[in-house]
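The values are calculated or read from the model by the stated rules, or taken from the named source; none is laboratory data. The structure displayed is predicted, hence computed values, not measured ones. We place every Cβ from the backbone using ideal geometry, glycine too, and count neighbours over all the protein chains shown. The accessibility values were calculated without ligands, DNA or RNA, using every heavy atom of the protein model including side chains. Shrake-Rupley method; radii C 1.70, N 1.55, O 1.52, S 1.80 Å.
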Amino acid sequence: MNKVFIIGLPRTGTTSISVAMLDYGFKVAHTAYTQQAFNLADIVSDAPCFSDYQQLDKLFPDAKFVYLERELSLWIPSMQMLINKMKVELDLKTGTFNPVLKRSFNHTFMLDKTDNPDEPAHLEKCYLDHKQQVLHYFADRDDFIRINISHEESLGQLLTFLGLEVDGSPQFPHLNIGRNVACWEEHKHPNKVNANSIGPLRRKFFDYAAKL
């Protein structure tokens with residue numbers, strides 16, 4: 001199985017798709033901050049995939065990429081909640097979150113360059129810029145798909161894209177609704193991969209400059 005990277009932004013359904021894929025036998029990392037996490041996982045979603053998809057495309061040339069869309073009217077308030085909940089710990093100098101997570105968020109949402117990162121106009125621009133860049137980069141490629149998990153046919157489309165048989169009309173679970181952001185941590189499954197998995201290089205992340 002080639003690697004699969006879910007490159008939709010946070011609050012577009014990354015937790016829902018990650019949990020769904022566990023039950024299809026995939027080893028899944030919802031966020032991955034070490035080389036070992038990427039080595040262990042079949043599917044990686046969220047940070048840093050949404051910011052590092054071009055580097056990952058070069059590191060894993062046989063990988064497949066899944067972009068998640070969501071209506072802006074729903075995504076913006078959800079993202080406002082998340083940004084306000086996380087922004088103190090996402091600070092590049094003083095925040096306590098993993099450096100890979102902080103870099104990924106600051107790269108995409110320009111948290112260190114704006115005084116009001118939760119403004120709707122700012123978030124809309126970040127979303128649309130990211131979408132335009134993704135669609136331009138993967139234009140006319142057959143290793144890329146875009147789906148909206150709120151659409152009934154989206155899980156079937158994903159399974160077909162991954163080369164799996166579609167039985168009936170499978171539906172994604174809808175998780176992390178409202179202010180809930182911890183469904184992945186709460187979900188118990190043997191196929192979950194720890195974002196900070198330790199391997200031969202301990203917790204080292206990729207040195208893109210050295211590898212590309």
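Some points to look at:
- The fraction of accessible area contributed by carbon and sulfur in the stretch 7-109 is 53 percent, rounded to a whole number (1.4 Å probe; ligands and nucleic acids excluded).
- Estimated inter-spin distance, ASP91 and ASN39, nm [label 7 Å along Cα→Cβ]: 3.6
- Among 90-98, 51-59, 163-171, 32-40, the order from most to least packed when residues are scored by Cβ within 10 Å on average: 32-40, 51-59, 90-98, 163-171
- The stretch 72-212 shape via C-alpha gyration tensor axes, a/c threshold 1.5: rounded
- The 3J(HN,Hα) values that the Karplus relation (6.51, -1.76, 1.60; θ = phi - 60°) gives for the stretch 100-115 are, in residue order, 5, 5, 4, 4, 4, 5, 5, 5, 7, 9, 6, 5, 7, 10, 9, 7 Hz. Gly and Pro appear as x.
- Student exercise, the stretch 3-145 dipole from Lys, Arg, Asp, Glu Cβ charges, in Debye to nearest 20: 300
- Net dipole in debye of the stretch 40-103 [+1 Lys, Arg Cβ; -1 Asp, Glu Cβ; about Cα centre; nearest 20]: 300
- Isotropic mean projected area of the C-alpha convex hull, the stretch 19-93 (nm²): 6.6
- Accessible solvent surface per residue of the stretch 1-129, calculated while the other protein chains remain in place, 1.4 angstrom probe, Å²: 39
- Separation of alpha-carbon centers, the stretch 125-164 and the stretch 58-117, rounded to whole Å: 19
- For the chain, share of DSSP beta bridges that run antiparallel, in % to the nearest 5: 5
- Basic side chains Lys and Arg get +1 at the Cβ, acidic Asp and Glu get -1 at the Cβ, and with that the dipole of the stretch 104-212 about its Cα centre reaches some 600 debye.
- Relative to the current alpha-carbon distance between LEU59 and ARG203, full extension at 0.36 nm per residue lengthens the span by 50.1 nm.
- Mean residue ellipticity, 222 nm, helices only, the chain: the sum of -39500 (n - 2.57) across DSSP H runs of n ≥ 4, divided by residue count and rounded to 500, is -11500 deg cm²/dmol.
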